[in-house]
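**Student:** Sharing a structure here in structure tokens format.
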Amino acid sequence: MERLLEIRHLDVVYVVREGDVHAAHDVSFSVTAGRATAIVGESASGKSTIIEAITRTLPPNARVRSGEIRYRGQDLLSLEREAFRRLRWREIAYVPQAAQQSLNPTLTVFEHFRDTVRAHDLPWRDEEIRRRARETLHRVHLPTDPVLAAYPHQLSGGMKQRVLIALALLFKPKLLILDEPTSALDVVTQARIVALLKALRDDNTMTLLLVTHDITIAAELADDVAVIYAGELIEHRPTSALFSEPAHPYTRGLLGSILSIDADARSIRSIPGEAPSLLHPPPGCRFHPRCPKAWERCRVVRPELYELRTGRVRCFLYDPSDPNRSAGEGGGR
Ligand code: ATP
Ligand code: SF4
């Protein structure tokens, strides 16, 4: 299967007065063509930083210190501006977090489609734009003509999110990237957007890469999951394997917090402690201050990614040469 996108040893920092915020550290994973990959993790773990590095939308104080992001073999980070601009939208479409705020209140939905076409110097006349806009709005299950004539404030949050997805689909991209596509929506609307994304995933014309802090959305939508903790990739597995045998102690805690709701006590078990500051991340394994399994080596040495039967995990418990490893525990070697 083709690796559509390969991220290799990506390091991104934000330069602030107090020093560097190490938001993405040595992140490597690939996205397979035709599959849906979810990047999951708590708030502020670095998920958006990875997406913004791929889409070259990082804020001005960000610095990509090292790494490569290869899309069909081309390094997106070193691609010339114009070549990257052509690729963006036509091949790689991106719906950022809270994108609804980017809709211009003074323009109708049709005018948003027209502006998008013009921004890409395509010679389509209004009728051609309208035909294609109708096609994509139909794909996201919106009534076409009333929505094309509407201003953003006349649409509900769910409809606006569908319009944004339709705009992203306009040039039939190969890769669709969505950052928190369901946040800020009510539960019913969330379920409808998830159903829509599932249908897009299943029509086999596109690869999806989505960011979510909600692991239940990843479970529903993704074929593969990349778990991020404190700026590092700590587990990358097919979804079914991750949910049936989570390997990393953090992933186990994360899943425990949703799977072990005690019906009587109504208590949700969560992971004790706080995520570390990314200004001064802890040495060794970044999870060691919260890890119930940590030992001396974890506090000093950074674990590499170890291969499992299905996927990879960054934890010494899976180091075949370490006597402390717990062979056969989650993730099965
Ligand atoms: P969320 O789900 O809340 O968006 P995230 O997992 O996507 O979080 P990022 O937005 O990538 O996380 O942020 C990673 C870290 O970088 C956080 O500690 C955040 O505070 C910090 N950060 C993000 N943008 C900047 C910036 N422009 N300057 C300084 N620090 C930043
Ligand atoms: Fe826990 Fe050590 Fe594994 Fe880190 S490397 S997750 S501290 S056992």
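Coordinate-derived values only; no laboratory data. Owing to the predicted nature of the structure, the values given are computational and were not obtained by experimental measurement. Don't worry about glycine lacking a Cβ; one is built from the backbone with ideal geometry, like all the others, and counts go over all protein chains shown.
**Student:** What is the gain in length, in nm to one decimal, between ALA294 and ALA199 on full extension, counting 0.36 nm per residue of separation less the C-alpha to C-alpha distance? Write out the running numbers ahead of the final one.
**Tutor:** On the way: separation 95, 0.36 × 95 = 34.20 nm, distance 4.20 nm.
Using 0.36 nm per residue and subtracting the Cα-Cα distance, I get 30.0 nm.
**Student:** In a solvent-free Debye calculation with one equal scatterer on each Cα, what is log10 I(q)/I(0) for segment 3-229 at q = 0.08, 0.11, 0.17 Å⁻¹, listed in the order of the q values?
**Tutor:** -0.29, -0.55, -1.30
**Student:** May I ask which residue of VAL225, PRO105, ALA62 lies farthest towards the positive end of the charge dipole of segment 3-229, with charges of +1 (Lys, Arg) and -1 (Asp, Glu) on Cβ and the Cα centre as origin?
**Tutor:** Working it through, the farthest residue towards the positive pole turns out to be PRO105.
**Student:** Quick one: VAL64, VAL211, VAL187, VAL313, fewest Cβ neighbours within 10 Å first, how do they rank?
**Tutor:** On the way: VAL64 17, VAL211 25, VAL187 7, VAL313 28.
The fewest-first ordering by Cβ neighbours comes to VAL187, VAL64, VAL211, VAL313.
**Student:** Right, another one. Which whole number of Å³ per residue matches the convex hull of the alpha-carbon atoms in segment 1-47?
**Tutor:** Working: hull volume 3.5 nm³, N = 47.
Taking the convex hull of the Cα positions in segment 1-47, it is 73 Å³ per residue.
**Student:** About the Cα centre, and with charges only on the beta carbon of Lys, Arg (+1) and Asp, Glu (-1), how big is the dipole of the chain? Nearest 20 debye, please. Present the calculation step by step, with values, prior to reporting the outcome.
**Tutor:** Values: 45 positive and 42 negative charges, 83 e Å.
Dipole of the chain, to the nearest 20 debye: 400 debye.
**Student:** Then there is this: Which one, ALA93, ALA275, ALA184, has the greatest fluctuation when you compute a Gaussian network model over the chain with C-alpha springs under 10 angstrom?
**Tutor:** Residue with maximal mean-square fluctuation among ALA93, ALA275, ALA184: ALA184.
**Student:** Here's another thing I want to ask about it. In degrees between 0 and 90, to the nearest 10, how far off the longest principal axis of the chain does helix 187-202 point, with axes built from Cα atoms?
**Tutor:** 90
**Student:** Which of PRO105, PRO289, PRO249 moves the most in a Gaussian network model of the chain with Cα springs under 10 Å?
**Tutor:** PRO105
**Student:** Report ³J(HN,Hα) in whole Hz for each residue of segment 138-143, in order, from the Karplus equation J = 6.51 cos²θ - 1.76 cosθ + 1.60 where θ = phi - 60°; Gly and Pro get x.
**Tutor:** Here the 3J(HN,Hα) series is 4, 5, 9, 6, 10, x Hz.
**Student:** Mind telling me which of THR182, THR106, THR57 comes out most flexible in a GNM of the chain, alpha-carbon contacts under 10 Å?
**Tutor:** Looking only at THR182, THR106, THR57, the largest GNM fluctuation is found for THR106.
**Student:** Follow-up question, since we're still on this one. What ranking of MET1, MET206 emerges when the number of other C-beta atoms within 10 Å of each C-beta is taken as an exposure proxy, fewest first?
**Tutor:** Working: MET1 8, MET206 18.
Neighbour counts put them in this order, fewest first: MET1, MET206.
**Student:** In what sequence do LYS198, LYS47, LYS160 fall when counting other Cβ within 10 Å, fewest first?
**Tutor:** Numbers: LYS198 14, LYS47 26, LYS160 20.
Least crowded to most crowded, the residues run LYS198, LYS160, LYS47.
**Student:** Tell me the relative contact order for segment 3-229 as a rounded percent, counting alpha carbon contacts under 8 Å between residues six or more apart.
**Tutor:** Values: 378 pairs, mean separation 69.2, N = 227.
So the answer I get is 30 percent.
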